[in-house]
Every structure is written in structure tokens, then in C-alpha cells.
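Report on the structure given below.
The values are calculated or read from the model by the stated rules, or taken from the named source; none is laboratory data. Bear in mind that the values here come from a model prediction, so they are computed numbers and not experimental data. Cβ coordinates were reconstructed from backbone atoms using ideal geometry, including for glycine residues, and neighbour counts include every protein chain displayed. Quick note on the areas: whole protein, heavy atoms, side chains included, nothing else; ligands and nucleic acids left out. Shrake-Rupley method; radii C 1.70, N 1.55, O 1.52, S 1.80 Å.
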Amino acid sequence: GEDVEQSLFLSVREGDSSVINCTYTDSSSTYLYWYKQEPGAGLQLLTYIFSNMDMKQDQRLTVLLNKKDKHLSLRIADTQTGDSAIYFCAEPIYNQGGKLIFGQGTELSVKP
Amino acid sequence: NAGVTQTPKFQVLKTGQSMTLQCAQDMNHNSMYWYRQDPGMGLRLIYYSASEGTTDKGEVPNGYNVSRLNKREFSLRLESAAPSQTSVYFCASSEGTSGYQETQYFGPGTRLLVL
């Protein structure tokens, strides 16, 4: 079945770049997603990438997709303390509508 | 638009008690979902509903029941709460269109403590 793996923690200094990595299993996924969860809140969609793209850039965010290795990464440039949150990658469950399978989440801690 | 709302925000139960978590969305979405979030385990799908009148089991359905009352509302019931059900519960909704970019919108969560 599908599985999504992430490392659990990442700590960076303010102003540095952060790179959060994710591996997934279903090569037929059409879209792959990054969600952000701030403390005490629900998840919000941060960005997504279509599977025929290698890269997507959106202001400080860069998503890289390596389909051969089934590897997805999220780079946050000039990381700020407000970026401290848990970041989840997610892929659709094959042929099951809008259902998603989520990774364990990476807790990003940004130190001033 | 309020988006996805959940009640209550926080609840303490004793083992064996029952309760219903309520969820409503005002985005006219077809699909609704219940997840639980536990440290180090990400979000795990409990039940989902692809459309009004249908429900299906997710990854961890044991000990829970759901009801899709109408298109707006999707409730989660714990008939006999156990300490292992201590968790944060999230409801989400999406348009429910297979194969297309599909954003799930999440509620703020219900924190449940079972003693």
C-alpha cells in the first residue's frame, strides 16, 4: 500500500534555508502536497506540485520532485520564526477520490 | 464562510463514556473525513464519506462510528471511550473530484482526553 515517510525534526537558524524531505510510494500520484500545521491549529495547504513537473517555486517556497526516486522536498528560503510549524507531505490514495495519505510530519524549529 | 467547524474544542471523558464529535462545512463539498493525530504518527484516517449517505472505513476505524447527516455535517461517535483514543481529532472536507488537484480543508481540531 501507499506509504509516506518524513524525518520528524529539523532545527535551523533564522535567515537560513530549510529543506524538508519526503519519500512516497505511489508512482501514479497526479499531485503531491505540502501542508503546514501551526501550533494548536488544523492543517492548511501550503503548496502542491503536479507530477509532470520537476520544480515549482512560490515566493520563498521551492518544491522539488524526483519521480525516479519518489522523493519530494520543500525548501523554505530565508526561514523566519513564523515558519516554525509541523510540515506534512501527502499523496492521494490511488483511485479513491480525494483521500490522502500523510507523512508523519516534520517539526521545524527556527531559532533566532 | 466559516469553512470547517468542529465542536467541542476540548473534552475529557472517563473510560467507557460515550460522546459525539460534530463537524460541519459550508463549502458545499462532497467529501468529508475524520482523522486522528498522535505524536510521531502523522494523521491517520478514521472514516471518510465520499458523498451524502455514504461512509467508508479508513486506516483506524475500530472503536468509532460515523454518520453523514447531510451534505454539511459529518459526526464521529465514540460508543465506549478508551484511553487509547486520547488524541487530537480533525475533520476535513474536499470537493471530492478524483484525479484532479484536491485541497482538503481542515477544522481546528478537538482535543480528547480519556482517563
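If you go through the stretch B:96-115 and pick out every residue that is in a loop (DSSP other than H, G, I, E, B) and more than 9 Å from chain A (Cβ to nearest Cβ), you end up with 1. Number of residues in the stretch B:42-53 that are at the interface with chain A (Cβ under 10 Å from one of its Cβ atoms) and either open to solvent by 20 Å² or more (accessible area, probe 1.4 Å) or not in a strand (DSSP E or B) (or both): the value is 5.
In the stretch B:99-115, the residues that are at negative phi form Cβ pairs under 9 Å with partners that are at pLDDT below 85 and outside any loop (DSSP other than H, G, I, E, B), at six or more places apart or across chains, as follows: B:GLU102/A:PRO92. Take the conditions (1) in contact (Cβ under 8 Å) with a residue 24 or more places away in the chain; (2) of a type outside the set (A, V, I, L, M); (3) at positive phi; A:GLY40 misses just one of them, which is (1). Remark: pairs (first residue in the stretch B:15-27, within 16 Å of B:TYR64 (Cβ to Cβ); second residue open to solvent by less than 20 Å² (accessible area, probe 1.4 Å) and in a loop (DSSP other than H, G, I, E, B); Cβ separation under 9 Å; 6+ apart in sequence or on different chains) = B:THR15/B:ALA81; B:GLY16/B:ALA81; B:GLN17/B:ALA81; B:SER18/B:ALA81; B:MET19/B:ALA81; B:CYS23/B:GLY107. Out of all the residues in the stretch A:61-84, which are farther than 15 Å from A:ASN21 by Cα, touching a residue at least 40 places away in the same chain (Cβ under 8 Å) and not polar (S, T, N, Q)? A:ASP78, A:ASP83, listed by residue number.
Among the residues making up the stretch A:1-44, those that are touching a Lys or Arg at 6+ places or on another chain (Cβ under 8 Å) and within 11 Å of another protein chain (Cβ to nearest Cβ) are A:LEU43, A:GLN44. Of the strands (runs of 3 or more DSSP E) lying entirely inside the stretch A:49-98, those containing at least 1 residues that are under 30 Å from B:SER49 (Cα atoms) and open to solvent by less than 20 Å² (accessible area, probe 1.4 Å) are A:71-76, A:85-92. For the stretch B:54-87, residues that are open to solvent by less than 60 Å² (accessible area, probe 1.4 Å), out of contact with any Leu (no Cβ under 9 Å at 6 or more places or on another chain), more than 16 Å from B:GLN104 (Cα to Cα) and in contact (Cβ under 8 Å) with a residue 40 or more places away in the chain total 1. For the stretch A:25-45, the candidate set comprises residues that are open to solvent by 20 Å² or more (accessible area, probe 1.4 Å) and within 15 Å of A:THR106 (Cβ to Cβ); within that set, the residue that is modelled with the highest pLDDT is A:LYS36. Scanning the stretch B:54-79 for residues that are among the hydroxyl-bearing types (Ser, Thr, Tyr) and within 14 Å of chain A (Cβ to nearest Cβ) yields B:THR54, B:THR55.
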